[in-house]
């Protein structure tokens, strides 16, 4: 309970710190906050075990922190420091960290599932009991690439959990304008897989649903779609004033804040005292102060570094396992060549 609360608060406090830095001109690029959606990302990320992989979307910082990502790495990434995971070439969470099972998202929304299908297929080919989890907003789930990814994952019974975050808005478009379904869990029927609906602002509900779906995938029973009913309490990004959202709707969802609700639950049922929660918030603030000072003291990359670490540059970096040969494929290709040669010679 305490770990979940700390992760929830760390997610929000870190994003608030990034917002301040954005306004100060220290963030390079955009800032996409997850205010109101922290419980979905944290609950799912916390349910993953060592060896599992997660492919986040732009609002899933909590899942990465739950996987053990250091807040300093997040700050370095957003401020484009030379020591950042992308060496200053990209910001947000567009990075892959194999040792933590993090697969970086791809900018066209809905596409990361197709990439993650390959990771999941490699797990099954190797007969490894590892599973994958990814997030999609309801808007991204309406793209053609998303449909292809869902259809493939379902047909091949891949060890994947797809978390559909019904946060009501796809940029400035309301969710009811992008699909005719009344219940978003109904979309699973098109793929023949089970769907589980949860209150995405209840971290315990999310954690339980994710743990069960991951266990199902680990047992070889294929994909589950989790539909998390939640809300994006800010605009699409920091530059979006969210003027298209009815004030009454936004006010109602603010009353269903995931962190405030969890605080009330912990105190009411005696899991934690209000003073302990305050101590956690203070500890997080101190941690972020130190991390911010440390990162802002670091340098930007030299201009010549823009030419390194790009496609074709393999001189200074090993090939990660995700780009290595698929087990059995090289032998299959060789046998195919031998068969073709024998057939030609025989004719």
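Observations on the model:
Results for (1) part of a helix (DSSP H, G or I); (2) within 23 Å of residue 35 (Cβ to Cβ); (3) modelled with pLDDT of 95 or more; (4) touching a strand residue (DSSP E or B) at 6+ places or on another chain (Cβ under 9 Å), shown as yes or no for each residue.
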residue: 110; (1), (2), (3), (4): no, yes, no, yes
residue: 153; (1), (2), (3), (4): yes, no, yes, yes
residue: 179; (1), (2), (3), (4): no, no, no, no
residue: 189; (1), (2), (3), (4): yes, no, no, yes
residue: 205; (1), (2), (3), (4): yes, yes, yes, yes
residue: 209; (1), (2), (3), (4): yes, yes, yes, yes
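- The single condition among (1) buried (at least 19 other Cβ atoms within 10 Å of the Cβ); (2) in contact (Cβ under 8 Å) with a residue 12 or more places away in the chain that residue 84 does not meet is (2).
- Residue within segment 256-270 that is over 22 Å from the mean Cα position of the chain (by Cα), modelled with pLDDT of 95 or more, assigned to a loop (DSSP other than H, G, I, E, B) and loosely packed, with under 14 Cβ neighbours inside 10 Å present: yes
- Residue selected from segment 217-248 under the condition part of a helix (DSSP H, G or I) and without any contact (Cβ under 8 Å) to a residue 60 or more places away in the chain, by the criterion surrounded by the most Cβ atoms within 10 Å (Cβ to Cβ): 247
- Qualifying residue in segment 194-213 (condition: exposed (fewer than 14 other Cβ atoms within 10 Å of the Cβ) and over 16 Å from the mean Cα position of the chain (by Cα)): no
- Condition broken by residue 74, with the remaining ones in (1) outside any loop (DSSP other than H, G, I, E, B); (2) surrounded by 23 or more Cβ atoms within 10 Å (Cβ to Cβ); (3) without any contact (Cβ under 8 Å) to a residue 60 or more places away in the chain satisfied: (3)
- A count restricted to segment 20-72 and to residues that are touching a strand residue (DSSP E or B) at 6+ places or on another chain (Cβ under 8 Å) and under 21 Å from residue 169 (Cβ atoms) stands at 9.
- Among the candidates 64, 121, 116, residue that is under 12 Å from the mean Cα position of the chain (by Cα), assigned to a helix (DSSP H, G or I) and over 29 Å from residue 294 (Cα atoms): 116
Per-residue answers, yes or no, for (1) assigned to a strand (DSSP E or B); (2) surrounded by 13 or more Cβ atoms within 10 Å (Cβ to Cβ); (3) in contact with a helix residue (DSSP H, G or I) (Cβ under 6 Å, 6 or more places away or on another chain); (4) in contact (Cβ under 8 Å) with a residue 12 or more places away in the chain:
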{"position": "215", "(1), (2), (3), (4)": "no, yes, no, no"}
{"position": "252", "(1), (2), (3), (4)": "no, no, no, no"}
{"position": "281", "(1), (2), (3), (4)": "no, yes, yes, yes"}
{"position": "290", "(1), (2), (3), (4)": "no, no, no, no"}
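- Subset of segment 1-24 (residues that are part of a loop (DSSP other than H, G, I, E, B) and in contact (Cβ under 8 Å) with a residue 60 or more places away in the chain): 1
- Taking segment 43-56 as the range and being over 16 Å from residue 119 (Cβ atoms) and either more than 10 Å from the chain's Cα centre (by Cα) or at pLDDT below 95 (or both) as the test, the residues that pass are 43, 46, 47.
- Residue match in segment 25-43 (condition: in contact (Cβ under 8 Å) with a residue 24 or more places away in the chain, assigned to a helix (DSSP H, G or I) and surrounded by fewer than 24 Cβ atoms within 10 Å (Cβ to Cβ)): no
- For segment 306-319, the condition holds for at least one residue, the condition being that it is within 28 Å of residue 20 (Cα to Cα) and at pLDDT below 95.
- Within the set 162, 131, the sole residue that is in contact with a strand residue (DSSP E or B) (Cβ under 6 Å, 6 or more places away or on another chain) and at pLDDT 95 or above turns out to be 162.
The values are calculated or read from the model by the stated rules, or taken from the named source; none is laboratory data. Keep in mind that what you see is a predicted model, and the values were worked out from it rather than measured. Ideal geometry is used to build each Cβ from the backbone, glycine not excepted, and the neighbour counts take in all protein chains shown.
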